[in-house]
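A short write-up of the structure that comes next.
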Amino acid sequence: MTAVTFVQVTKDWGSTIALHPTDLHLQAGQFSVLLGPSGCGKTTTLRLIAGLETPSAGQISIFGSDVTTTPPALRGVSMVFQNYALFPHLSVAENIVFGLRVRRVAASEIAERLKKTLDQLSLAPYQDRKPGQLSGGQQQRVALARALVADSRLCLMDEPLSNLDAQLRLEMRHELRALQIKLGLSVVYVTHDQTEAMSMADRVVLLKDGRVEQVATPFELYQAPGTLFAAQFIGTSRMNILKLEGARIAGTAIRLEPPAGASCVGIRPEDVVLDGPYVLPVSHSEFTGADLLVHVRAGDQTIVLRAQGKQVVNAHTQLALGWDARHLHWFDHKGLRI
């Protein structure tokens, strides 16, 4: 079943277009991530799903029901924000069930749902505390519990981990993903952090300038990027993109066998090996601990290769390097994968 469907959905404010006509299908029971740089349209897309924005054109469906003009409260979705938005004067338990009380849910059902949610998120020991007495990770769990207790079929999350430190973000990523799998939740998650997206998602929706660049699994997005933008946005070290002059890498004597229409070639740093026919000068290197990123000059272009951090490579020396042709990525003059 499809959790969210967009049919030619557009959002604009006069001359400013936040989302160009978009078709999108997000599957039920999956962890779908909207990924992209600031201003790409990912939060606008999430707000359109939630009903916090009305589309300028197109149709939005949630679990097969047309909700294009349906108010947010009637869409059956819950939302977790970057700002936890907890009431400081209420206890953890009261924060979690606040929405249920507003909707006048029966007291017995509130108590049952609260107990279940506290147990699921290991919050029972903290239910009488105020938010100010909790750590950042615990506050995040309370915000998530408030969303889960509503028993919504679809949970929307807008950069919920961005306020946490690096180690806590890592722990919460694991917790969120495990909880989503355990409960079979349908999640739509917004982030600009590609590591977050790649480690958590079943499918990634990569956006740029209000357009969908590619929808794919993390593996597919990394191994077969559909556009130049996808190729360089995904990966802790950017893919090398080298311009071609016919069958050569521009500015070098390196010959290749490009497919028809190719204007540039890409290769990831880990696919460049320190053993091959091309001898090129080293400009500098970056030690990152486990890895050493070595920058070599190929004419007026640069190739970065990833070597083991234990190796020492000095600047202004020569390196023999190469690659397996199967690991090359070809793009045409429009930046589309060939």
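The values are calculated or read from the model by the stated rules, or taken from the named source; none is laboratory data. These numbers come from a predicted model, not from an experiment. Here the Cβ is made from the backbone with ideal geometry for all residues, glycine too, and neighbour counts use every protein chain on show.
Screening the candidates GLU213, GLU175, GLU171 for the property of being assigned by TED's automatic domain parsing to the domain that holds ARG47, touching a helix residue (DSSP H, G or I) at 6+ places or on another chain (Cβ under 6 Å) and acidic (Asp, Glu) yields one hit, GLU213. For first residues located in region 316-338 and closer than 18 Å to ALA253 by Cα and assigned by TED's automatic domain parsing to the domain that holds PRO258, partners that are surrounded by 12 or more Cβ atoms within 10 Å (Cβ to Cβ) and among the hydroxyl-bearing types (Ser, Thr, Tyr) and lie 6+ apart or on another chain with Cβ distances below 9 Å form the pairs LEU319/TYR278; ALA320/TYR278; LEU321/TYR278; GLY322/TYR278; TRP323/TYR278. For region 183-206, the criterion of a residue being surrounded by 17 or more Cβ atoms within 10 Å (Cβ to Cβ), touching a Pro at 6+ places or on another chain (Cβ under 7 Å) and either on the phi > 0 side of the Ramachandran plot or assigned to a strand (DSSP E or B) (or both) is satisfied by at least one position. Give the residues of region 53-103 that are surrounded by fewer than 19 Cβ atoms within 10 Å (Cβ to Cβ) and of a type in the set (Val, Ile, Thr), sorted by residue number. Those that are surrounded by fewer than 19 Cβ atoms within 10 Å (Cβ to Cβ) and of a type in the set (Val, Ile, Thr): THR54, THR68, THR69, THR70, VAL102. Residue by residue through region 106-127, note down the ones that are modelled with pLDDT of 85 or more and assigned to a loop (DSSP other than H, G, I, E, B). Across region 106-127, the qualifying residues are ALA106, LEU123, GLN127. Does LEU228 count as within 29 Å of the chain's Cα centre (by Cα) and crowded, with 18+ Cβ neighbours inside 10 Å? Answer is yes for this residue. Filtering LEU144, LEU148, LEU100 for residues that are free of Cβ contacts under 8 Å to residues at least 60 places away in the same chain, assigned to a helix (DSSP H, G or I) and in contact with a helix residue (DSSP H, G or I) (Cβ under 8 Å, 6 or more places away or on another chain) leaves a single hit, LEU100. When PRO160 is tested against (1) farther than 21 Å from LEU34 by Cα; (2) assigned to a loop (DSSP other than H, G, I, E, B), exactly one condition is not met: (1). Determine whether THR54 is of a type outside the set (A, V, I, L, M), at pLDDT 90 or above, part of a loop (DSSP other than H, G, I, E, B) and farther than 19 Å from MET157 by Cα. It is false that THR54 is of a type outside the set (A, V, I, L, M), at pLDDT 90 or above, part of a loop (DSSP other than H, G, I, E, B) and farther than 19 Å from MET157 by Cα.
Here region 284-321 is the region considered, the condition is being within 30 Å of the chain's Cα centre (by Cα) and part of a loop (DSSP other than H, G, I, E, B), and the residue that is modelled with the lowest pLDDT is GLY309.
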